[in-house]
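This structure is in structure tokens; I'll ask about it shortly.
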Amino acid sequence: QVQLVESGGGLVQAGGSLRLSCVASGNTISISAMGWYRQAPEKERELVATISVRGSTKYADSVKGRIAISRDNAKNTVYLQMNSLKPEDTALYYCNANSWLRLSGYWGQGTQVTVSS
């Protein structure tokens, strides 16, 4: 099993920044790619960014140039640096970890990000 705990969410004004963290524990050796997803009220969960074990990254078009994903494999932690935040970035942000232990991967409980205009 793998456990994921997110932190770093909060309330910020438009144009501000936040840094989310996700710490993995348990059978972390089974983890490959990690990522961040978000879900706004009455909307489906959507991909924000992913990062491979070796550091290759992918981003949703809506966040390119404003958000950066990184990971520290030694600390079993993935980060999401969010700059120039917009009200439309408001959502519950979830950490995800791919693992050979579970086809659907593992999910954290989420951390709320609210951007005021």
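The values are calculated or read from the model by the stated rules, or taken from the named source; none is laboratory data. Since we're looking at a predicted model, the values are computed, not measured. Cβ sites come from the backbone with ideal geometry, for glycine too, and all protein chains shown count toward neighbours. These accessible areas exclude ligands, DNA and RNA; they are computed on the full protein's heavy atoms, side chains included. Shrake-Rupley method; radii C 1.70, N 1.55, O 1.52, S 1.80 Å.
Can you give me the solvent accessible area of Y37 with a 1.4 Å probe, rounded to the nearest 10 Å²?
Around 60 Å² of this residue is reachable by solvent.
So, with +1 on the Cβ of K and R and -1 on the Cβ of D and E, and no other charges, what is the size of the charge dipole of the chain about its Cα centre, to the nearest 20 debye?
The dipole of the chain has a size of about 300 debye.
In what order, largest first, do S30, S84 sit by accessible area if the probe radius is 1.4 Å?
These residues rank, largest area first, as S84, S30.
Here's something else I'd like to know. Just to confirm, what accessible area per residue do you get for the chain at 1.4 Å probe, in whole Å²?
55
Relative contact order of the chain: what whole-number percent is it, with Cα pairs under 8 angstrom and at least 6 residues apart?
Normalised by residue count, the contact order of the chain is 36 percent.
Mind ranking R45, R66 by accessible surface for me, highest first, 1.4 Å probe?
The residues order as R45, R66, largest area first.
Loop-only check: which GluC sites (Glu not before Pro) in region 23-94 are DSSP coil with at most 16 other Cβ within 10 angstrom?
Answer in residue order: E42, E44.
Hey, another quick one. What does the charge add up to near I31, with Lys and Arg as +1, Asp and Glu as -1, over the other residues with Cβ less than 11 Å from its Cβ?
+2
Related question: So if I take the alpha carbon set of the chain, get Rg, then get Rh from the Kirkwood formula, what is the Rg over Rh ratio?
0.96
Under a straight-distance cross-link criterion of Cα-Cα below 15 Å, which aspartates and glutamates are reachable from K64, leaving out those fewer than 8 residues away in the same chain?
E46, E88, D89
A further question follows. Students sometimes get this wrong: rank L103, L80 by accessible area, probe 1.4 Å, all chains present, largest first.
L103, L80
Build a GNM of the chain with springs between Cα atoms under 10 Å: which of I67, I29, I51 gets the top mean-square fluctuation?
Largest GNM mean-square fluctuation: I29.
Out of L11, L20, L47, any idea which swings most in a Gaussian network model of the chain, alpha carbons joined below 10 Å?
Evaluated over the chain, the most mobile residue of the options is L11.
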